[in-house]
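Participant: Dumping the structure here so I can ask a few things about it.
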Amino acid sequence: MAGQLKEVRNRIKSVQNTQQITKAMKMVSAAKLRKAQDTIIQMRPYAKKLQEVLSNIVSSSEGDTPIKLAEERAVEKVLFIVITSDRGLCGAYNANVIKLARLTIAEQYATQNDKGNVTIWNIGKKGFESLTKLGYNTDETYKDIFHHLSFPDVQSAAQAAMKAFEHHEFDVIEIVYSEFKNAATQRFAVERFLPIPKAATSITKKSNTDFIFEPEKDVLIAELMPKILNTQLYKAVLDANASEHGARMTAMDKASENANELLKSLKISYNRARQASITTELTEIVSGAAALQG
């Protein structure tokens with residue numbers, strides 16, 4: 001009986017220690033989430049408007065001088081930029097991003113993948129590790145961006161992707177990431193990076209696409225497009241960063257709740273075992289006293 005009590009006490013202590021860790025991790029993630037959330041909320045309207053402007057310019061430029069970054073061509077080689085986290089303990093966050101990337105490849109680019117023409121650039125270690133183990137053609141050049149997240153580092157990845165597209169190394173570039181909604185909700189999305197998508201017909205009709213360009217149109221487009229695409233990828237990385245902290249905070253909160261439930265159950269088991277031990281000891285004492293009197 002004493003051994004059983006000791007085992008339950010050890011389990012209670014172990015769960016309490018784990019709960020302290022999950023609570024601490026929740027607090028750290030909550031603090032990081034505030035900063036990441038503020039950053040993406042401020043960035044999103046700016047990035048969205050730039051994307052609309054870019055799509056409208058591409059749509060209104062049909063028939064003019066071809067725009068290299070908007071060139072539609074037969075899809076032979078595909079690049080995926082998959083954004084995950086560096087660390088785990090954030091629920092199904094990384095698994096969902098990886099699942100979406102694999103599903104998109106299987107449904108839309110199965111032929112290219114069978115030929116070995118699908119390449120994955122990973123931002124975040126978890127995606128790189130998982131997709132490499134699954135046998136995909138992965139590249140680790142940009143996987144450590146989250147170590148010191150900054151615009152210049154993301155910009156270098158975006159510029160490398162643009163250069164590869166212009167040199168016909170890839171015909172399509174897709175971004176797979178998690179769009180931040182709130183601490184408990186993320187939207188896992190696949191977004192076309194290149195070629196630059198044209199504006200939807202309904203949007204184009206509503207918008208005044210008869211632009212007056214100053215300086216010349218070609219000069220402006222050449223200067224503007226790379227900057228907007230840099231911003232687009234940076235926005236996706238910021239979304240993923242906020243989503244990671246939100247997912248981890250939610251996961252650690254749930255883990256703390258589960259630890260509470262487990263502690264309640266263990267304490268009931270401990271009290272029952274202790275009560276049984278006391279009852280056994282009292283019975284032995286009474287039996288011994290009766291035997292002495294007899």
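The values are calculated or read from the model by the stated rules, or taken from the named source; none is laboratory data. All values derive from a computational prediction rather than experimental measurement. Neighbour counts run over all protein chains shown; Cβ positions are idealised from the backbone, glycine included. These accessible areas exclude ligands, DNA and RNA; they are computed on the full protein's heavy atoms, side chains included. Shrake-Rupley method; radii C 1.70, N 1.55, O 1.52, S 1.80 Å.
Participant: When ligands, DNA and RNA are left out and all protein chains stay put, how many square angstrom of accessible area per residue does the chain have with a 1.4 Å probe?
Facilitator: Spelled out: the 1.4 Å probe surface of the chain, per residue, equals 56 Å².
Participant: Continuing with the same structure: Among all stretches of the chain without exposed GluC sites (Glu not before Pro) (DSSP loop, at most 16 other Cβ atoms within 10 Å), which one is longest?
Facilitator: Within the chain, the longest run free of exposed GluC sites (Glu not before Pro) spans 217-294.
Participant: Next question. Tell me, in nm to one decimal, what length is gained between Arg73 and Ser269 on full extension, where the rule is 0.36 nm per residue of separation less the Cα-Cα distance?
Facilitator: Gain in length upon complete extension: 63.8 nm.
Participant: ³J(HN,Hα) across the range 75-91 via Karplus (A = 6.51, B = -1.76, C = 1.60, θ = phi - 60°), whole Hz, x for Gly/Pro?
Facilitator: Each residue of the range 75-91 in turn: 8, 10, 10, 10, 10, 10, 9, 9, 10, 10, 9, 7, 10, x, 6, 10, x Hz.
Participant: Given labels modelled 7 Å from the Cα in the Cβ direction, how far is it in nm from Asp114 to Ala290?
Facilitator: That separation, rounded to one decimal, is 8.3 nm.
Participant: Stretched out fully, how many nm does the piece from Glu107 to Ala276 gain, at 0.36 nm a residue minus the Cα gap?
Facilitator: Stretched out fully, the Glu107 to Ala276 stretch lengthens by 54.7 nm.
Participant: Going through the range 30-117, which trypsin sites (Lys or Arg not before Pro) have at most 11 other Cβ atoms within 10 Å and a DSSP loop state?
Facilitator: Sites meeting the loop and neighbour criteria: Arg73, Lys115.
Participant: Distance between Cα centroids, the range 156-200 to the range 217-294: provide it in whole Å.
Facilitator: Centre-to-centre distance over Cα atoms comes out at 34 Å.
Participant: Residue by residue through the range 248-263, which ³J(HN,Hα) values in whole Hz follow from phi under the Karplus form 6.51 cos²θ - 1.76 cosθ + 1.60 (θ = phi - 60°), with glycine and proline marked x?
Facilitator: Result, rounded to whole Hz: 5, 4, 5, 5, 5, 5, 5, 5, 5, 5, 5, 5, 4, 5, 5, 4.
Participant: Return the sequence-ordered ³J(HN,Hα) values of the range 166-178 in whole Hz as given by the Karplus equation 6.51 cos²θ - 1.76 cosθ + 1.60 applied to θ = phi - 60°, using x for Gly and Pro.
Facilitator: Each residue of the range 166-178 in turn: 5, 8, 6, 6, 9, 9, 9, 10, 10, 10, 10, 7, 10 Hz.
Participant: Using a 7 Å offset from the Cα along the Cα-to-Cβ direction at both Asn182 and Lys217, what is the distance between the two label points in nm, to one decimal?
Facilitator: 4.5
Participant: So between Ala31 and Arg9, what do we pick up on full extension, going 0.36 nm a residue minus the alpha carbon distance?
Facilitator: 4.6 nm
Participant: Ignoring ligands, DNA and RNA, how do Lys267, Lys6 rank by accessible area with a 1.4 Å probe, largest first?
Facilitator: Most to least solvent-accessible, the answer reads Lys6, Lys267.
Participant: Ignoring any ligand, DNA or RNA, what whole percent of the accessible area of the chain comes from carbon and sulfur when the probe is 1.4 angstrom?
Facilitator: Accessible surface attributable to carbon and sulfur in the chain totals 52 percent.
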